[in-house]
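Okay, so here's the structure we're looking at.
Each reported figure results from applying straightforward, stated rules to the coordinates on display, with no laboratory input. Here the structure is a predicted model, which is why all the values come from computation and not from measurement. Cβ coordinates were reconstructed from backbone atoms using ideal geometry, including for glycine residues, and neighbour counts include every protein chain displayed.
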Amino acid sequence: MEKHLLKLKVNGQEYELYINPKTLLVEAIRDHLGLTGTKRGCETVSCGACTVMVDDMAVKSCAVLAMQVEGRHVKTVEGLEENGKLTPIQKAFLDHGAYQCGFCTSGMIMMAQTLLNENPHPTEGEIREGIEGNICRCTGYNSIVRAIDATAKGNYKEDKS
Amino acid sequence: MIHDFTYLKPGTLREALSMLADHKDEYKIICGGQSLLIVMRQGLVVTDYLIDIKGLNELSYITYDEREGLRIGATTTHRTVETSELIKQKYPVLVAIEKRLASIQVRNWGTIAGNLAHGDSSGDLAPTLIALDGKIKLSSARGSRTIPLEEFYTGLFETALNKDELVVEVQVPPARLLTATAYKKFNLIESDQAVIGVAATVAADRNSTCRDARIVLSNAGVTPIRAKSGEKVLIGKKLSDALLTEAAEAAANEADPVSDIHASEEYRRHLIRVLTKRMVRQAWEEAIRLG
């Protein structure tokens, strides 16, 4: 089996990988780059635990071949904080206890962040529609919605100190 | 586990078509892969060559012309259609179905042609486009042909694509006066696949009489099904409850639904009756209201 050279940019850093072309983006991120914040959940494009951003779009990395993101910019949950400072959405998730087991959290946060990037002032209905592709098996949706809502309302500022 | 394959990534449409000609029988085409990668992982699809057209930006476009109508390029994503101002103005039903087609993540990466070519009869896009009298353009190194989308589906996950052909474009006739299309699916999770979906188009005349109609069913057989006997009931008539009941009954009889874990055949026929009545009424009233 022929391995392919893949040049990709993840969280601002350039990488070169030699991979089997059947490698999924989630496998490249976790197994080749060691960024295990992104989770493998259902692997049938249902649960959203593997959600990452590709060129600022939320996608499910279990349903994208790593080869398909050549030349694009991937952002994972590890890429949100800067210099150890959490982003507003991350702080809000902590404050609102917007997780129980935590398995859906990275996907949820990545989806929430793209939702807020596209629509900075969503209604509760728009928030719920926005995270429709992300399943929280502990069913802690209300605290997740509250955390996103609090971020949208500006209760959490970016820490620039 | 996904079986090994040789990965080919054409840089242009021309190059893609020559790859298809070179590897007849042995390839699968991937675009967004939102359906294909699942069945490949399940081992249901095994292929020697995987030809990746996701990067063919020359096929990512939406154009509209008052004479030619709407054209959507193959690699255009669902989200691009959903957020297109042009489509919102001319074909609002397409925006409405796109919002419920799948999760945002899937709509961001999945493409129009991938959805149509996958051939899943429980899709939303195919029945809606058939109700809009849509066509599909298929190209190969030998040339191109454009066929009604209705004729594209030939069997369970089977299409009219020849071994060396690629879906390159979807075409919809210009939006017409006194004509509207509505689509509704029934399911338990809003963005999930349809248990049953019904698309209806009604073209009215100045007296609000039905001039032409289309009723297209999703997940009511191995392909999207046009309920022609239901359509016939409507043509030349005025809107009434009795007429809708008669058309819905005809549509339910024309369908060929299966029983599965989601619904029994009987329940599916019931859903076809309910949704046909609602969608025909909605399309009819909208056609008159919008003029």
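Taking Cβ atoms as reference points and 9 Å as the exclusive limit, the residues near B:Pro173 contribute a net charge of 0, counting Lys and Arg as +1 and Asp and Glu as -1. A protection proxy built from the mean count of other Cβ atoms within 10 Å ranks the segments B:86-97, A:33-44, A:76-87, B:268-279, most packed first, as B:268-279, B:86-97, A:33-44, A:76-87.
For B:Ile196, nonlocal amide neighbours, meaning residues 5 or more places apart or on other chains whose placed amide H falls under 5 Å from its own, are B:Phe186. Each other residue within a Cβ distance under 9 Å of A:Phe103 adds +1 if Lys or Arg and -1 if Asp or Glu, for a net charge of +2. Mean residue ellipticity, 222 nm, helices only, the protein assembly as shown: the sum of -39500 (n - 2.57) across DSSP H runs of n ≥ 4, divided by residue count and rounded to 500, is -9000 deg cm²/dmol. Summing charges over all other residues whose Cβ lies under 12 Å from the Cβ of A:Asn142, with Lys and Arg as +1 and Asp and Glu as -1, gives 0. Mean per-residue shielding of peptide A:42-54 is 3, counting Cβ atoms of other chains within 10 Å of each Cβ. Couplings 3J(HN,Hα) for the range B:212-228, derived from phi with the Karplus relation 6.51 cos²θ - 1.76 cosθ + 1.60 (θ = phi - 60°), are 7, 8, 9, 10, 10, 9, 9, 6, 10, x, 6, 10, x, 10, 8, 8, 5 Hz, where x marks Gly and Pro. Here the dipole of the protein assembly as shown is about 800 debye; that uses its Cα centre as origin and unit charges on the Cβ of Lys and Arg (positive) and Asp and Glu (negative).
Each 20 Å bin from zero holds the following percent of Cα-Cα pairs in the protein assembly as shown: 24, 53, 22, 1. Packing order of peptides A:111-122, B:208-219, A:1-12, A:21-32, highest average first: B:208-219, A:21-32, A:111-122, A:1-12 (average count of other Cβ atoms within 10 Å over each peptide's residues). When the inverse distances between all different Cα atoms of the range B:130-222 are averaged and flipped, the Kirkwood radius reads 15.3 angstrom. The range B:128-202 and the range B:109-127 have Cα centres spaced 8 Å apart. If you bin all the Cα-Cα distances of chain A at 5 Å, starting from zero, the percentages per bin are 2, 10, 19, 22, 19, 14, 9, 4, 2, 0, 0.
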